[in-house]
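Everything below concerns the one structure shown next.
The values are calculated or read from the model by the stated rules, or taken from the named source; none is laboratory data. Not measured: the values here are computed from a predicted model. Neighbour counts run over all protein chains shown; Cβ positions are idealised from the backbone, glycine included.
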Ligand code: KG4
Ligand code: ZN
């Protein structure tokens, strides 16, 4: 079953052609256009600018994804695909509407069923994409149930228990800022380019781990919730204090980055492993833009490899290009999770959470 998938929930316009083969997903094409350079100038996403760029990119990106997958179509003949998958939420309403309305039109024109996909499940299902999965040891091609899935992106931080593709329990999420949002807001304080996650990771490599110890909220809380806004406040307090006397030296900025990355990593790893132990899972899945962070990946690997009782848990992390927003992950989720529906039944839902 070949699926054309489209992702337009934020500032990336993605289209991909994917196919399920057994228990994993083959990606035939994966095209992304981004308006990130525009938002980098303003230090954050301007929803109206993101939507305008979605309008500009969406049709060319879809055409390119079909072309790269070797699928032709003309004004009178539809492409040879079985269904079209579309992100219908959560996200920015303007951006979502561009994708959803474009795809409703194509679905009607080409007479193809539509598969509405929750963007958050898209992130998780990036872990089923073939040849992109990094494993701790071994042989297993796809994640094994039961599993714990951690989503860490610019808008979300969530932990889920999945006993199967349909038996899913949300365990907890952030009470305020998402992990990626914390990286980006702290980056702004430090005058780093947007999005700040990759830059903070780069600077943290030369930062001293002992100079700053930032708070790790809810670290030992019984729940699986997260909170990152206090971290931003702690950094602001530190930066204000330091800037009273002088400009921030580059080494001090690197030290702050190291302290921030260590605090976020510590919380994410501790909570995820606690859930993995409590539910006796076979796999842990990382996903979302923040899971591109090497320190985070390595911390998980190290602990899983060294703690004897956890050595059988397999760690899955998507290739970096499938961590940040893309359409292949939306196609992957569509292959496992949903039936196609008529275009009348699909509408953008910016507030969508876990269904
Ligand atoms: O998943 P994503 O592309 O978009 C959302 O759905 O939100 O995630 C973007 C987020 C941004 O906050 C960005 O700073 C963060 O992922 N990010 C990183 C890294 N690469 C991207 N955070 C930490 N380290 C990275 N290497
Ligand atoms: Zn995302």
The residue that is nearest to ligand 2 (Cβ to nearest atom), considering only those in region 179-191 that are farther than 17 Å from residue 157 by Cβ and in contact (Cβ under 8 Å) with a residue 24 or more places away in the chain, is 188
Within region 190-206, tally of residues that are away from ligand 1 (no atom under 14 Å from the Cβ) and either crowded, with 17+ Cβ neighbours inside 10 Å or at negative phi (or both): 1
Return the residues of region 155-166 that are surrounded by fewer than 24 Cβ atoms within 10 Å (Cβ to Cβ) and within 14 Å of ligand 2 (Cβ to nearest atom); say none if nothing qualifies. 155, 156
Residue set 65, 16, 33; condition under 12 Å from residue 3 (Cα atoms), within 16 Å of ligand 2 (Cβ to nearest atom) and under 21 Å from the mean Cα position of the chain (by Cα); output residue 16
Set 258, 216, 237: member being away from ligand 2 (no atom under 16 Å from the Cβ) and free of Cβ contacts under 8 Å to residues at least 12 places away in the same chain: 237
Scan 212, 183 and give me the residue that is crowded, with 21+ Cβ neighbours inside 10 Å and either at pLDDT 95 or above or within 10 Å of ligand 1 (Cβ to nearest atom) (or both). 183
What single numbered condition from (1) under 20 Å from residue 56 (Cα atoms); (2) in contact with a strand residue (DSSP E or B) (Cβ under 7 Å, 6 or more places away or on another chain); (3) not in a helix (DSSP H, G or I) fails to hold for residue 91? (2)
Among (1) part of a loop (DSSP other than H, G, I, E, B); (2) surrounded by 15 or more Cβ atoms within 10 Å (Cβ to Cβ); (3) in contact with a strand residue (DSSP E or B) (Cβ under 7 Å, 6 or more places away or on another chain), which single condition is residue 223 missing? (2)
Residue match in region 248-258 (condition: outside any helix (DSSP H, G or I), at pLDDT 95 or above, buried (at least 20 other Cβ atoms within 10 Å of the Cβ) and under 25 Å from the mean Cα position of the chain (by Cα)): no
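Here is a yes/no grid of residues against (1) at pLDDT 95 or above; (2) closer than 26 Å to residue 335 by Cα; (3) out of contact with any strand residue (DSSP E or B) (no Cβ under 6 Å at 6 or more places or on another chain); (4) outside any strand (DSSP E or B):
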| position | (1), (2), (3), (4) |
| --- | --- |
| 39 | no, no, yes, yes |
| 58 | yes, yes, no, yes |
| 67 | yes, yes, yes, yes |
| 84 | yes, yes, no, no |
| 102 | yes, yes, yes, yes |
| 108 | yes, yes, yes, yes |
Is one or more of the residues making up region 16-24 in a loop (DSSP other than H, G, I, E, B) and either free of Cβ contacts under 8 Å to residues at least 60 places away in the same chain or surrounded by fewer than 16 Cβ atoms within 10 Å (Cβ to Cβ) (or both)? yes
Look through region 273-312, keep the residues that are closer than 15 Å to residue 161 by Cα and surrounded by 22 or more Cβ atoms within 10 Å (Cβ to Cβ), and return whichever of them is nearest to ligand 1 (Cβ to nearest atom). 287
